[in-house]
1. Ordering ILE12, ILE63 by accessible area with a probe of 1.4 Å, largest first, what comes out?
2. Expected output is a single nm value to one decimal: the length gained when fully extending between LYS146 and GLU121, i.e. 0.36 nm times separation in residues minus the C-alpha distance. What is it?
3. If you average 1/r across every pair of different Cα atoms in the stretch 26-118 and take the reciprocal, what Kirkwood value do you get, in Å?
4. Considering only protein heavy atoms and a 1.4 Å probe, what is the carbon-and-sulfur percentage of the accessible area of the stretch 1-126?
5. Where in the stretch 216-243 does the label zone of LYS14 land, with the point 7 angstrom along Cα→C-beta and an amide N cut-off under 13 Å?
6. Mind pulling up the Rg/Rh value for the chain? Radius of gyration and Kirkwood radius, both on Cα.
7. With charges set only on the Cβ (+1 for Lys and Arg, -1 for Asp and Glu), what does the dipole of the stretch 3-242 come to about its Cα centre, in debye to the nearest 20?
8. Considering the Cα positions of the stretch 103-145, please state its Rg to one decimal place and its Dmax as a whole number of Å.
Amino acid sequence: MKKLNIYFTAGIPKLEDTGKIAKLIQDSGADMMEIGIPYSDPVADGPVIQDAHSLALKNGMSIKKLFEQLAEIKESVTIPKILMGYLNPVIQFGFENFCQKCAEVGVSGLIIPDLPPVAFEKHYGEILKKYKLNFTFLVTPETSEKRIRYLDSLSSGFLYAVSSSSTTGNANAVLKNEDYLDRLALLNLKNPVFIGFGIKDKSDFENVTEKAKGGIIGTAFVKILLENEDWEAKGREFIKGIK
């Protein structure tokens, strides 16, 4: 069974909706979720998720607030919860302090796209291990085989394969990049490969998971949260429609 991973930004549409959305994702049949930590300069994200970050920050979302919200749903939302964010706010919070809080509130792993692998090896890997947190690196169609193997060796949980070298939600993302997906499938990597960036619907999800273990949907789901009064009904229908 292919895994569906749904991303959303914490603190939208309203500050207190985080737990409600996490429960909706679980109850609609997704296998895991990524919860985005809002940041003022989300460089890897497209306009939709940038708007979500801005709204969340305006709503008053912070790492401290997010940990309080996650503590409230620790028992009721049991599918894996991964925090995705940028390095600067995590460093400001204190990296070990952050990891300790993650372990306390039931977070299973982290994705920090701008954390360099060398710094991970030198300073952060041992801390993550101490708190039993997975860490996922990203690869793109341009990443060499040697580097893919290196990032796979450092990752745990899964390896995040960006479908194209663009920002998230790019409508032109090459979802059926056969050579790239074939190359990844033939590498016999340690971690299952999940494809992300640009997956909008069931057919996209089926395309990318022909050769990968899972797909990650972010922008299409965040758009529902931002643009619909009845986002709960629409969000549920959307996730159920993918699986």
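The values are calculated or read from the model by the stated rules, or taken from the named source; none is laboratory data. Bear in mind the structure is a predicted one, so any value in this text is a computation, not a measurement. Don't worry about glycine lacking a Cβ; one is built from the backbone with ideal geometry, like all the others, and counts go over all protein chains shown. The accessibility values were calculated without ligands, DNA or RNA, using every heavy atom of the protein model including side chains. Shrake-Rupley method; radii C 1.70, N 1.55, O 1.52, S 1.80 Å.
1. From most accessible down to least: ILE63, ILE12.
2. 7.3 nm
3. Computed over the stretch 26-118, the radius equals 14.0 Å.
4. Answer for the stretch 1-126: carbon and sulfur cover 53 percent of the accessible area.
5. 229-232
6. With Rg and the Kirkwood Rh in hand, the quotient comes to 0.93.
7. 540 debye
8. Rg then Dmax for the stretch 103-145, in Å: 11.9, 37.
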